[in-house]
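**Student:** My questions all concern the structure below.
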Amino acid sequence: MNYRRDHRSSKTLLFNDLEEGSLRASSSYSHDINEHDNNKAVESLQDRVVFLKQLTNDIHDEVDSHNRFLDRMGNDMDASRGVMSGTMDRFKMVFAKKSSRGTCKLVVCFVVSFLIIYYLIRILRFFKYG
């Protein structure tokens, strides 16, 4: 029974400030918060707003920088695609002729032979001096 009375009294203390749908400030609450505290809170909010504004400006600048970089990279890729397609067209022309095809095979064989001999010499040197 005491619990119910204590519960009702604490409920009354909590909600006694509510009158007709609005909150009435209690006298102890109005004494605790004064104009100085409100000014501090406003300054703190202003500092946060300034910080967030700087942060969003930095993010915007970074995004613009990345977009410019990606645009340049896209242009470079388009240019290299043009060069590669020209090279592929030349290879197609070379391989279209039968006499050129034999010459290309001969050149490829020489290059592969050279690379094999080069790596064999390097391996022999490693075992000789290693």
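The values are calculated or read from the model by the stated rules, or taken from the named source; none is laboratory data. What you are looking at is a predicted structure, and each value in this text was computed from that prediction instead of being measured. Cβ: placed from backbone, ideal geometry, glycine included. Neighbour counts: every protein chain shown. Heads up: the accessible areas ignore ligands, DNA and RNA and are worked out on the full protein's heavy atoms, side chains in. Shrake-Rupley method; radii C 1.70, N 1.55, O 1.52, S 1.80 Å.
**Student:** Not counting ligands, DNA or RNA, and with a 1.4 Å probe, what is PHE126's accessible surface area in Å² rounded to the nearest 10?
**Tutor:** Counting only protein heavy atoms, PHE126 exposes about 140 Å² to solvent.
**Student:** How many nm is it between the label spots at ILE121 and ASP58, if each spot is 7 Å from the Cα in line with the beta carbon?
**Tutor:** The modelled label-to-label distance comes out at 5.7 nm.
**Student:** Another question about this same structure. For a Förster distance of 41 Å, can you work out the FRET efficiency between the beta-carbons of PHE110 and ASN75, rounded to the nearest 0.05?
**Tutor:** Using R0 = 41 Å, I get an efficiency of 0.65.
**Student:** What number comes out for accessible area per residue over the range 58-99 if the probe is 1.4 Å? Units Å², please.
**Tutor:** On a per-residue basis, the range 58-99 sits at 92 Å².
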